[in-house]
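Beneath this line is the structure, given in structure tokens, with notes to follow.
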Amino acid sequence: MLTIWITGASSGIGFATAKKFLKNNWRVIISSSNNQKLSIAKKKLLTVSINNELHIIKCDISKKEEVKQTIEYIEKNIAPINLAILNAAAYSPNKTQEFNLENYELLLDVNLRGTLYCINFLKEFMQNREGHIAIVSSPIGYRGWPTAGAYGMTKAAQLNLGESLFFDFKKIGIRISIINPGFIDTESTRLNSFKMPFLKSSEYAAEKIYNGLLNTNKFEIFFPFWMIVFVKIMRILPYKIYFYIWKKLGNF
Ligand SMILES: NC(=O)c1ccc[n+]([C@@H]2O[C@H](COP(=O)([O-])OP(=O)(O)OC[C@H]3O[C@@H](n4cnc5c(N)ncnc54)[C@H](OP(=O)(O)O)[C@@H]3O)[C@@H](O)[C@H]2O)c1
């Protein structure tokens, strides 16, 4: 039986992905920073588990020691991790264009430092045994969006990091993937005050993630197709046109 660890799986995309892997007979370990949310998630997930191989571990990824202990615990007491989905993230949309340092610091600590801690300790165990690490980034990382500096900065860094590690970790037998979802209906995006185009469910995302990671060799798993193609085109536009489009879209 194969083993997956998913961070930030008490809700949203992580939770739906855990469900998908459980239904496919994987041993699933979910973690998040909140014990209560994890227990509720466990109760719901056990109803779909066919093997009862579901474990919950509280792990705040912004705490280096907690991440170290979690990975050591899984590896030594549960099973070697075949696939890790680094999905946990903090999200607090800025509704204004004000620069808020605390928000930048929070998102840096969770989304970026947290991802780095996971990769660092996973590497120790996974190297030379064909491990697979998938980082959930976001197409917002392709380019700077108005009001999204803090979140976008961390997602851009994750993307750049993933591209870089793709080369470096191949040498030590670890596969790196990037997951770039469009707008998915979750607790986080329900905080948005604008209408989200091409909005999809967490179950849709889980399906795409499962197939993308297991049935393709793609480095980047992105969905829904047309939404991301549009953002990819925005990514290569010259600044003059890019800034003009945002001005027309929202007077930025
Ligand atoms: N939804 C979208 O449209 C969308 C689009 C692009 C990318 N993404 C990415 O997809 C991933 C999942 O997001 P989501 O939309 O599913 O959001 P979500 O439902 O809010 O889930 C976020 C998860 O992260 C956990 N978390 C937050 N802080 C944590 C910490 N310090 N340590 C460990 N876990 C922590 C939360 O659990 P606790 O509160 O229990 O800790 C929760 O389980 C994120 O990386 C996000 O950037 C989402």
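The values are calculated or read from the model by the stated rules, or taken from the named source; none is laboratory data. Just so it is clear, the structure is predicted and the values come from calculations on it, not from any experiment. All Cβ positions, even for glycine, are placed from backbone atoms using ideal geometry, and neighbour counts span all protein chains on display. These accessible areas exclude ligands, DNA and RNA; they are computed on the full protein's heavy atoms, side chains included. Shrake-Rupley method; radii C 1.70, N 1.55, O 1.52, S 1.80 Å.
Condition check: touching a Gly at 6+ places or on another chain (Cβ under 8 Å), of a type in the set (A, V, I, L, M, F, W, C), surrounded by 20 or more Cβ atoms within 10 Å (Cβ to Cβ) and under 21 Å from GLN127 (Cα atoms). Does VAL67 satisfy that? In short, yes. Scanning the range 71-88 for residues being out of contact with any helix residue (DSSP H, G or I) (no Cβ under 8 Å at 6 or more places or on another chain) and either touching a residue at least 12 places away in the same chain (Cβ under 8 Å) or not charged (D, E, K, R) (or both) gives a total of 6.
Within the range 1-49, being within 15 Å of the ligand (Cβ to nearest atom), open to solvent by 60 Å² or more (accessible area, probe 1.4 Å) and either among the charged types (D, E, K, R) or in contact (Cβ under 8 Å) with a residue 60 or more places away in the chain (or both) holds for LYS37, LYS42, LYS43, LYS44. Just to be sure I understand, how many residues within the range 107-139 are assigned to a helix (DSSP H, G or I) and either in contact with a strand residue (DSSP E or B) (Cβ under 9 Å, 6 or more places away or on another chain) or of a type in the set (S, T, N, Q) (or both)? Counting residues in the range 107-139 that are assigned to a helix (DSSP H, G or I) and either in contact with a strand residue (DSSP E or B) (Cβ under 9 Å, 6 or more places away or on another chain) or of a type in the set (S, T, N, Q) (or both) gives 11.
Please determine, by comparing only the residues of the range 156-174 that are of a type outside the set (Gly, Ala, Ser) and in contact with a Leu (Cβ under 9 Å, 6 or more places away or on another chain), which one is nearest to the ligand (Cβ to nearest atom). Out of the qualifying residues, it is GLN158.
As for the range 72-81, it holds at least one residue that is within 15 Å of the ligand (Cβ to nearest atom), touching a Phe, Trp or Tyr at 6+ places or on another chain (Cβ under 7 Å) and at pLDDT 95 or above. Looking at the range 90-103, can you tell me whether even one residue there is at pLDDT 95 or above, open to solvent by 40 Å² or more (accessible area, probe 1.4 Å) and in contact with a helix residue (DSSP H, G or I) (Cβ under 8 Å, 6 or more places away or on another chain)? Checked against the condition, which is being at pLDDT 95 or above, open to solvent by 40 Å² or more (accessible area, probe 1.4 Å) and in contact with a helix residue (DSSP H, G or I) (Cβ under 8 Å, 6 or more places away or on another chain), the range 90-103 yields no hits at all. Restricting attention to the range 82-111, the residues being within 15 Å of the ligand (Cβ to nearest atom) and either among the hydroxyl-bearing types (Ser, Thr, Tyr) or closer than 16 Å to ILE6 by Cα (or both) number 11. If you go through the range 206-226 and keep only what is within 30 Å of LYS95 (Cα to Cα) and open to solvent by less than 30 Å² (accessible area, probe 1.4 Å), you end up with ALA206, ILE209, ILE221, PHE223, PRO224. Checking each residue in the range 166-179 for being of a type in the set (A, V, I, L, M, F, W, C) and open to solvent by less than 20 Å² (accessible area, probe 1.4 Å) picks out PHE169, ILE174, ILE176, ILE178, ILE179.
Of the residues GLU163, GLU203, the single one that is more than 20 Å from GLY14 (Cα to Cα), open to solvent by 40 Å² or more (accessible area, probe 1.4 Å) and of a type outside the set (Gly, Ala, Ser) is GLU163. For ILE172, the criteria (1) farther than 25 Å from LEU101 by Cβ; (2) touching an Asp or Glu at 6+ places or on another chain (Cβ under 9 Å) hold in every case but one, which is (2). Screening the range 1-99 for helices (runs of 4 or more DSSP H) wholly inside it with 2 or more residues that are within 16 Å of THR186 (Cα to Cα) returns the ranges 12-23, 35-46. Restricted to the range 194-252, the set of helices (runs of 4 or more DSSP H) holding at least 2 residues that are more than 19 Å from the chain's Cα centre (by Cα) comprises 225-236, 239-250.
When ASN52 is tested against (1) within 15 Å of the ligand (Cβ to nearest atom); (2) surrounded by fewer than 16 Cβ atoms within 10 Å (Cβ to Cβ), exactly one condition is not met: (1).
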